[in-house]
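Engineer: Structure in C-alpha cells, see below.
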Amino acid sequence: MILAVDIGNTNMVFGIYGGSGRPVQFRMRSDPLATTDEYAVSILYLFEKNGIKAEDIDGVIIGSVVPRLQFTISRLVSKYMGVEAMTVGAGVKSGIAIRMENHKEVGADRIANAVGAINKFGSPCVIIDFGTATTFDVVNEKGEYTGGVICPGITLAAAGLHANTAKLPEIEIKNPGPVVGKNTVHSMQSGIFYGYAGLINGLIERITAEEFPSCPKVNLISTGGLGRIFEGQLKYDVFYEPYLTLDGLRIIYEKNAV
C-alpha cells in the first residue's frame, strides 16, 4: 500500500492506494501548531475505520506547500508507520521538465497535478485547481510545465467579504440560480459563483489563445473541492478529476521507488 499526502494551506488530503482502483481518501484541517502525536491520533483512527493498519503502508510520498507540516507528517510516518517518507522537491524525479524562471517556486501540488493530468489525459493541457488559491497550470505539447496563473481562492474571496465588511454574512458557496439576487445572501452567492465562472472562462480563453494559438485540442482538467460546482456553467469542456493531485503523487512515487 502506498500513502500519498497532499498538504495544503487549508486542508491535508490523504490517499491510500492498494491496487489499481481509486484510493481510500480522507482529509483534515491543516494546523501547523498540531504535534506529530496529535495528528497520529486522528490519522490512525481513520486508518482503523477503513480497515487499514499502519504497518500495512509500504511507502509514503508527501507533496507539501507548508514546510512545518511536511516535517510533522514526515516524523509521524517514521514513528508510527516505520517508513521514511519521500517528499516532492529537489532530487525527486517528476518526469516533466519545468520551464520556469525559478523551478523551485512551483509548488509540489502543481507539479503533482501536471503529472497526473499528463498521465490520464495527455498533453497539452490546462489544469485548474480550486484550493486556498485557484490556480491554472499549463503543460505544452511536449509535456513540459510552462507556467500558470494564481488567483485568490473562492472560499478565500467569500471569507474576505464577510471579514472585511460590517454586515455581510458568511455564506455557503453554491449555484444560486438567478444571477440577480433578491436578498443579501443570494447576491453574495451570485457574485462569487458567477464571478468565478466568468473568471475561469476568461482565463481559459486567454491562456489557450496565448499558449496554443494553432493547437486544435487542449485538455482542460479541474480538481479541488469546489471544482464540481461549476459543471455545466463553463463555455468549455472541463473534466473534473477529484483525485488528480493524489494520483500525480502516486505516479511520482513510482518513478522514484527503488
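Engineer: May I ask for the distance between the Cα centers of the stretch 8-82 and the stretch 205-258, given as a whole number of Å?
Structural biologist: Taking the Cα centre of the stretch 205-258 as reference, the centre of the stretch 8-82 is 24 Å away.
Engineer: For the stretch 98-132, list residues with backbone N below 13 Å from a point placed 7 Å from the Cα of K255 toward its Cβ?
Structural biologist: Under cut-off, by backbone N: 98-99, 108-120.
Engineer: Still on this structure, please answer the following. Considering only D109, D58, D247, give the residue with the highest GNM mean-square fluctuation for the chain, with springs between Cα atoms whenever their separation is below 10 Å.
Structural biologist: Of the options given, D58 has the highest mean-square fluctuation.
Engineer: If N is the number of residues in the stretch 113-165, what value comes out of its Cα radius of gyration divided by 2.2 N^0.38 Å?
Structural biologist: 1.43
Engineer: On a full-extension model of 0.36 nm per residue, what is the gain between V41 and F26, subtracting their alpha-carbon distance, rounded to one decimal in nm?
Structural biologist: Separation in residues times 0.36 nm, less the Cα-Cα distance, equals 4.0 nm.
Engineer: Using Cα springs under 10 Å in a Gaussian network model of the chain, which residue among P178, P32, P124 shows the largest mean-square fluctuation?
Structural biologist: For the chain, modelled as a Gaussian network with Cα springs under 10 Å, the answer is P178.
Engineer: Kindly provide the helix-only [θ] at 222 nm of the chain, computed as the sum of -39,500 (n - 2.57) over DSSP H runs of four or more divided by all residues, to the nearest 500 deg cm²/dmol?
Structural biologist: Taking each H run of at least 4 residues, the total per residue is -11500 deg cm²/dmol.
Engineer: If you don't mind, there's one more thing I want to ask. In the chain, with Lys and Arg counted as +1 and Asp and Glu as -1 at Cβ, which of these residues, N119, P242, V77, has the Cα nearest the positive end of the dipole, that is, farthest along it?
Structural biologist: P242
Engineer: Please work out the Kirkwood hydrodynamic radius for the chain, using every pair of different C-alpha atoms, and report it in angstroms with one decimal place.
Structural biologist: Roughly 19.4 Å, rounded to one decimal.
Engineer: Express the Stokes-Einstein translational diffusion coefficient of the stretch 61-103 in µm² s⁻¹, to the nearest whole number, given a Kirkwood radius over alpha-carbon pairs, 4 °C and a viscosity of 1.567 mPa s.
Structural biologist: 110
Engineer: How far, in nm, would the chain grow between L33 and R75 when pulled straight, counting 0.36 nm per residue and subtracting the alpha carbon separation?
Structural biologist: 13.7 nm
Engineer: How would you classify the stretch 2-87 from its alpha-carbon gyration tensor, with a ≥ b ≥ c the square roots of the eigenvalues: rounded for a/c under 1.5, else prolate if a/b is greater than b/c, otherwise oblate?
Structural biologist: Note, shape of the stretch 2-87 comes out rounded.
Engineer: By per-residue mean of other Cβ atoms within 10 Å, what is the highest-first order of 191-201, 81-91?
Structural biologist: 191-201, 81-91
Engineer: Highest mean first, how do 213-220, 239-246 rank when packing is the count of other Cβ atoms within 10 Å averaged over residues?
Structural biologist: 239-246, 213-220
Engineer: Still on this structure, I have one more. Kirkwood Rh over Cα pairs of the stretch 103-248 into Stokes-Einstein at 10 °C, 1.306 mPa s: D in µm²/s?
Structural biologist: 99
Engineer: What nm distance separates the two modelled labels at K104 and A166, each placed 7 Å from Cα along Cα→Cβ?
Structural biologist: The answer from the label model is 4.8 nm.
Engineer: Across the chain, how many lysine pairs, 8 or more apart or on two chains, come within less than 27 Å at their alpha-carbon atoms?
Structural biologist: Taking the chain as the scope, the lysine pair count is 24.
No lab work stands behind these numbers, since they all come straight from the coordinates. This structure is a prediction, so every number in the text was calculated from the model and none was measured. Cβ sites come from the backbone with ideal geometry, for glycine too, and all protein chains shown count toward neighbours.
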